[in-house]
Amino acid sequence: MEKAIKAYFAKFVTHARSPLKINIWQAVVAFVGGFLTIFLLESIAEGLQYSLVIAPFGASCVLAFVLPEAPVSQPRNIIGGHMVTTLCGLAVYHLWGNSIWSLSVAVGLGIALMLLTKTTHPPAGANPIVVITAASTWSFLVTPVLIGSIVIVCVAVLYNNLIKNRKYPTFWI
């Protein structure tokens with residue numbers, strides 16, 4: 001048992017350095033992509049008088065404009081991940097209300113269902129928490145989640161493909 005514990009804690013030790021590189025051009029591209037997306041969502045929201053921005057959308061912009069080639073950044077994952085986890089949050093909230101148990105079940109269920117539906121999108125893991133703590137109604141699934149995630153994907157498709165060495169998406173289905 002002692003040997004297993006030592007082996008476990010030995011995994012915490014590393015001498016490796018971060019593989020991430022500093023690139024000013026990529027930072028500018030990411031800034032503009034994130035800015036345009038949130039600006040467009042807020043502008044549409046003002047016209048519709050509906051909120052279209054939730055905190056997880058900021059994190060979705062990080063993936064869409066910093067790592068557009070990653071599987072978790074693809075349209076299927078952005079839209080599907082947000083829809084699946086929001087649906088989990090809404091179902092759990094409307095069945096059991098707001099509690100430590102409902103929050104925990106909804107997040108765990110959302111993660112599991114994203115894996116099973118091949119729609120894993122890490123920012124969407126926060127949606128059940130947003131849904132339950134805000135006591136959201138079923139309309140939250142459409143506004144802001146569906147409309148907002150579609151806008152993110154549209155901006156990502158149009159904007160990322162303006163960049164010479166980018167092709168987005170890498171897959172749709």
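Could you tell me which residue out of PHE35, LEU20, THR170 lies farthest along the dipole of the chain toward its positive end? Charges go on the beta carbon: Lys and Arg +1, Asp and Glu -1, centred on the Cα centre.
Of the candidates, LEU20 comes out farthest on the positive side.
Taking only C-alpha pairs under 8 Å that are 6+ residues apart, what is the relative contact order of region 19-173 in percent? The partial results should precede the final answer.
Working: 207 pairs, mean separation 48.5, N = 155.
That works out to 31 percent.
Report the Stokes-Einstein translational diffusion coefficient (µm² s⁻¹, integer) for region 1-147, Rh taken as the Kirkwood radius over Cα pairs, at 25 °C with viscosity 0.890 mPa s. Before the final figure, lay out the partial values.
Working: Rh = 17.1 Å.
Reported coefficient: 143 µm²/s.
How do HIS121, HIS94 stack up against each other in accessible area, from largest to smallest, with a 1.4 angstrom probe?
On the way: HIS121 0, HIS94 90 Å².
Descending order: HIS94, HIS121.
Taking 10 °C and 1.306 mPa s as the conditions, I'd like the Stokes-Einstein D for region 106-173 in µm²/s, using the Kirkwood hydrodynamic radius from alpha carbon pairs.
In µm²/s, the coefficient is 115.
Please compute one quarter of the surface area of the Cα convex hull for region 35-105 and express it in square nanometres. Don't skip to the answer; put the middle values down first.
Details: hull surface 23.7 nm².
For region 35-105, the mean projected area of the Cα convex hull comes to 5.9 nm².
Specify the residue with the greatest mean-square fluctuation among THR37, THR119, THR14, computed from a Gaussian network of the chain linking alpha-carbon atoms under 10 Å apart.
THR14
Near LYS164, which lysines are there with a Cα under 27 Å away, not counting those fewer than 8 places off in the same chain?
Result set, ordered by chain and number: LYS21.
Would you list, by chain and number, the aspartates and glutamates whose Cα falls below 16 Å from the Cα of LYS167, excluding same-chain residues fewer than 8 positions away?
LYS167 reaches GLU69.
The values are calculated or read from the model by the stated rules, or taken from the named source; none is laboratory data. Please read these numbers as outputs of a predicted model, since none were measured by experiment. Note that each Cβ is placed from the backbone with ideal geometry, even for glycine, and that neighbours are counted across all protein chains shown. Heads up: the accessible areas ignore ligands, DNA and RNA and are worked out on the full protein's heavy atoms, side chains in. Shrake-Rupley method; radii C 1.70, N 1.55, O 1.52, S 1.80 Å.
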